[in-house]
Structures are given as structure tokens and as C-alpha cells.
1. Taking only protein heavy atoms into account and a 1.4 Å probe, give the accessible area per residue of the stretch 71-186 in Å².
2. Checking the table 109/140; 105/226; 188/222 against a 20 Å threshold on Cα-Cα, which pairs fail?
3. Report the calculated FRET efficiency for residue 239 and residue 80 (r = Cβ-Cβ distance, R0 = 30 Å), to the nearest 0.05.
4. Round to a whole number: what % of the accessible area of the stretch 212-255 belongs to carbon and sulfur, probe 1.4 Å?
Amino acid sequence: ARTLENPRLKRLTEAHQVDFVPIGDFDLWMMELGIACGIGGPEHILRENVGRGVKTLGEQVAKARSDQSVTAATPAVEASRAEAREEIGSKLPQWDLVYRAQAEKDPAKADALFLQAVAIAPNDPEVLGNYANFLADVSKDTERAQEFYDRAVTAAPENALNLGNFALFSRTVQNYDRAQELFERALKADPGDADYLGGYASFLNEIRGDSRAEEFYERANKAKPKHAINLGNYANFLANVKKDNDRAQEFYERA
């Protein structure tokens, strides 16, 4: 009755067929409504949110460790990375071995260091992924690279970094069906990664001849507007496939 004393609400009820239903505690009512609509109770939602947070944090840690292993372009940044490598290596012996392997100039010695790291942490997806990258890029041992990429994605099926690298490797060795599956899994795990968006766009364009390539080029450029490789590949696509020379020139200049 007090609700209808509000003239605006009174006009609303007269203009539309409105029924007011007493609900008691608003927060409790919203919680029950969520359960009724299939969204789930608060405990379920909290578990989902925590799970997403843990997954995101794990991916950030994996990327940070990968970045630490690369020599920086400037001495100041490299000094900071070297300090971080030393600290991480003192606490995680497998990573001390991985960092030493990546700094080693002799491929045979690097391989031996990687194998020691794998022996310490045989199910660590980051260690396995780094070793797979080494086997693919440095040793050119495609058979063993395949084995360790497989082990890496088995250990962590939603690790976007390993899925994306495995996809790029699979394309290189012309295992195109596997490459497409892995690109799609990588992008499901991390929909905003410009490297894998651009890699998948090029795959769709150059291997599949699939018109969806344009969508993925555009998503890649939106995710990282100054990614020169993606910009250049999109320019090639515009020039060679779309025959849109004006836009192609724009993207060549941006690249």
C-alpha cells in the first residue's frame, strides 16, 4: 500500500499490468532467483571465480618466467632479469637449470641441462614447454619436440602459452588439423592473445583459405595495435585476397 502512495509508481502500475510481490530480504531473494535461473548458488559462483583467478595467475606466472629467460634489450632490464633468475633458481632448482640451458651456447650441453630440469620436475608444464621450444627452434628435433609439447599440454590442458606454441609448431610440420585444434584451444584459454590471434588468422588465410581470417586479423590488431607482424600480415591479406589496396597501404604504413 505504501508503494502505491508514490505517484510515479502509481502511474506505472496504471499504464502497465504491474503486480507487486513482497520478497522480504532482497539479497536472499536475488540469491534464490539466481539458483532458480540456473546460475548457481553463491558457493558455486565463488568457486568459479576463484578457479578463474587461479588459472589467470598461473598463466601470468608462466609468461613472467618465460620473459625472464629472454635476454633483455637494455642492460638495466637485463640486470633486473638476471637478479630475478637467480632468486627463482635458488628456490626452484629446475628453473636454475632451465635458465642455464637457455644461456648455454652449446646445444648438446643445453639439452643435458634441460633433461636435468625435466628429471626434477617431470610434470611441470612450463619446464616441458620450454624444452619443447628448444627442441623445435634450436635442435630442430621435430620428433622429440612433438613428444614434449604433448607432455606439456597434457600436464596443463588450458595453458595458452604451450597450446599456442604447439599450434605454431604443428603448422610448421604441416600437421594442419592438429594446428587448428590447438589454435582454437589456445584462444579459448586466452581469447585476447595477439600472437595466437594473428597466428590463427594467418593459418586460416594461408592454409585453409577461410574467410574468417579477416575477423581474426581484426581481433589481433585490436588486442595489440602495434604488433608489426600482425599488421604486415593483415596488409598482405588486404592486398592479395581482398584487393583493397588503399587499406593495405594504411596497414603497411602502420606496420
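1. Details: 5940 Å² over 116 residues.
So the stretch 71-186 comes to 51 Å² accessible per residue, rounded to a whole number.
2. Values: 109/140 15 Å; 105/226 32 Å; 188/222 17 Å.
As for pairs spanning more than 20 Å Cα to Cα, those are 105/226.
3. Here the calculated transfer efficiency is 0.10.
4. On the way: 1300 of 2770 Å².
On the stretch 212-255, the fraction of accessible area on carbon and sulfur atoms equals 47 percent.
The values are calculated or read from the model by the stated rules, or taken from the named source; none is laboratory data. Everything quoted here is computed from the prediction, not taken from an experiment. Because the Cβ atoms are built from the backbone with ideal geometry, glycine has one as well, and the counts that use them run over all protein chains shown. Remember, those area values only see protein heavy atoms, side chains included, never the ligands or the DNA or RNA. Shrake-Rupley method; radii C 1.70, N 1.55, O 1.52, S 1.80 Å.
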